[in-house]
Amino acid sequence: MPPMNPPQTALELPLSRAADAAPLQRQLHARLKHAILDGRVLAGSRLPASRQLAQALAISRNTVSAVYEQLAVEGLVVAGRQGTVVAALPAPGVAPAAPPMPPLARRVLPLSAAPVTEHGPAALRPGEPALAQFPLAAWRRALDVACTSGSSALAYGEPSGEPALRRAIARYLGVARGVRCVPEQIIITEGAQEALGLCVRLLSNPGDTAWVEDPGYRGAKAAMRAGELRIVPMRVDGQGMLASAENWQARPPRLVYTTPAHQYPLGAVLSAARRLQLIEAARAHGAWLIEDDYDSEFRHAGEPIAAMQGLASQGPVLYVGTFSKTMFPALRLGFLILPPALLETVRPPLAAMLRGGHRLEQLAMAHFIDSGQYVRHLGRMRRLYRGRQQALRAALAQHFDVPHSIEGGHCGLHLTVRLPAPFPDATIAGAARAYGMAPTALSSFALAPLPTDNGLVIGYGNTPPDVYAPLLRRLAQLARQVAP
């Protein structure tokens, strides 16, 4: 004979009729389910008859019946001739200790120690464009045009990306950056980071050597680490990466990552002599050069610096570009331009690795470029950033009363401010976060930091000049507080 019915107070308390309360059926289901799982209603206990419980709760009998049926489907109760009885379940008790999780893959363990990029709004963050100045109305029109493609644009696209966007990029880069390519060489990626990852996966094996600029872009190092490459930091001076003949002989690389038009984060331009030397040495040693041209559209002094890729028609250069700086970061559109000699070899693996998504955004971007909106937007932003860079220099001179020197500034969205050793950059950057500022410690960009790699990388792209003075005064105050 089943045990006595559970006391009414366990199941028959009134349900909430508040306007924002869950539906009555959902409330009753949750109450009964939790009572059973928590052991407050024992296995073998008979639940009240549906009519009885409906009367006690002043709800429809159909509601109670539906809840009992759902509990039966979930295996919590068993319906029989003697009514609805709680099923036999493992007795609740102290939850067992969680089993140890499998270890992370060896290739990603080094990434766990990398600095975590902060997200959300913050002043002085490097690499962030002026989001409030983006022409959203024009972008909405471009998206509307893309949507006229109909439902066909909702299917998988070509693995290499939308032909319309690849044609638009090829036309634009030929004029604006001196890049030599045809649309078939272009692979559309989810930002520059996926393009870097593709370079690693397509052209290197675990254990291969990769050269990276030091200090240099952390995302490139992350892509190399994920590919289990041996990373060799290459120092940077006023003419870009230093790579001697002795370096090529001692530790010949498979991949060389460089930002020749605007070294990140120090701002140097890789000289023409070093560009040609890199290309010739890479040819001689069977290496590939990755040219990351991340923000060269925003040149503030002199003529634009042409891409290294255009110096040699058959050079071993993979060109990486992104729309994160020229449009907005959330767009997540980048591209990789392959040398012609690689096209036939990589086409089969690319078809297996890529799925051709984000088609509407790609079509909208193609229209944005072809309609002239992209060039007009770049012109407006170039003038805006030039003014902000000049204003930041003036504000540093007037309000940042800590010994410092400034590097870069002829291009892009940031300035690098070197500090004397008594002012630890990582400590200052950490303290600044509490005040809504996000400058980055220069030392965090170096694999093998030198005492001179101490400073702050300060972004001006998304921070208006009218707040430079109070921000820099606060930053100087923090620097003085952490100095011994």
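A few comments on the model shown:
- Region 120-209: relative contact order in percent, alpha carbon pairs under 8 Å with at least 6 residues between: 19
- Computed about its Cα centre, the charge dipole of region 372-484 is approximately 520 debye, with only Lys, Arg, Asp and Glu carrying charge at their Cβ.
- Net charge, Gln52 excluded, C-beta distance under 14 Å - Lys, Arg +1, Asp, Glu -1: +2
- Overall form of region 270-353 per C-alpha gyration tensor (a/c, 1.5; a/b vs b/c): oblate
- For the chain, the longest principal axis of the Cα atoms and the long axis of helix 373-399 meet at an angle of about 80 degrees.
- Separation of alpha-carbon centers, region 136-167 and region 434-460, rounded to whole Å: 39
- Placing unit charges on the Cβ atoms only, positive for Lys and Arg and negative for Asp and Glu, gives region 133-225 a dipole magnitude near 240 debye about its Cα centre.
- Solvent exposure ordering (accessible area, 1.4 Å, most first) of Tyr172, Tyr468: Tyr172, Tyr468
- By the Cα gyration tensor, region 331-403 has an equivalent ellipsoid whose semi-axes, rounded to whole angstrom, run 40, 19, 12 from largest to smallest.
- Taking region 400-484 and dividing mean pair separation by its residue count, relative contact order in percent (alpha carbons under 8 Å, at least six apart): 36
- Cα-centre dipole for region 351-429 with unit charges at Cβ (Lys and Arg positive, Asp and Glu negative), debye to 20: 360
- Additional length obtainable on full extension of the chain from Gln52 to Leu89, 0.36 nm per residue less Cα span: 10.8 nm
- Carbon + sulfur, % of accessible area of region 345-454 - ligands and nucleic acids excluded, 1.4 Å: 58
- Helix 359-370 axis, angle to the chain major axis (alpha carbon atoms, nearest 10°): 30
- Cα centroid separation, region 375-406 to region 201-263: 30 Å.
- Selected from Ala272, Thr345, Thr322, residue furthest toward positive end of dipole (region 243-399; charges at beta carbon): Thr322
- Full extension of the chain segment joining Ala330 with Arg382 gains 16.7 nm, where the gain is 0.36 nm per residue of separation less the Cα-Cα distance.
- Of Arg388, Arg61, the order by accessible heavy-atom surface (1.4 Å probe, DNA, RNA and ligands excluded), from most exposed downward, is Arg61, Arg388.
- Calculated percent of Cα pairs over 38 Å apart (choose from (1) 44; (2) 37; (3) 30), label: (1)
- Shape category assigned to region 202-355 from the gyration tensor of Cα positions, a/c cut at 1.5: rounded
- Here is the P(r) of region 332-484: all C-alpha pair distances, binned every 5 Å from 0, give 2, 8, 14, 15, 13, 10, 10, 10, 9, 6, 3, 1 in whole percents.
- With every protein chain in place and a 1.4 angstrom probe, the accessible-area ranking of His367, His29, largest first, reads His367, His29.
- Mean Cα-pair separation over length for the chain, i.e. relative contact order, pairs under 8 Å, 6 or more apart, %: 18
- Each principal axis of the Cα cloud of region 5-77 was taken in turn, and the coordinate range along them, longest first, works out to 35, 21, 20 Å.
- Rolling a 1.4 Å probe across the protein heavy atoms gives the chain an accessible surface of 47 Å² per residue.
- Rounded to the nearest 500, the 222 nm mean residue ellipticity of the chain from helices alone is -11500 deg cm²/dmol, with -39,500 (n - 2.57) taken per DSSP H run of at least 4 residues.
- For His410 and Leu13, the difference between the fully extended length at 0.36 nm per residue and the C-alpha to C-alpha distance is 135.8 nm.
- The fraction of all Cα pairs in region 306-368 landing in successive 10 Å bins from 0 to the largest distance is 17, 40, 37, 6, given as whole percents.
- Angle in degrees between helix 163-176 and the longest Cα principal axis of the chain, rounded to the nearest 10: 30
- Amide hydrogen neighbours beyond the local backbone of Val232, cut-off 5 Å, H modeled: Ala210, Trp211, Val212
The values are calculated or read from the model by the stated rules, or taken from the named source; none is laboratory data. On a predicted model such as this, the values are computed, not experimentally measured, just so you know. Cβ atoms come from the backbone with ideal geometry, glycine included; neighbour counts cover every protein chain shown. To get the accessible areas, we keep the full protein, side chains included, count just its heavy atoms, and leave off ligands, DNA and RNA. Shrake-Rupley method; radii C 1.70, N 1.55, O 1.52, S 1.80 Å.
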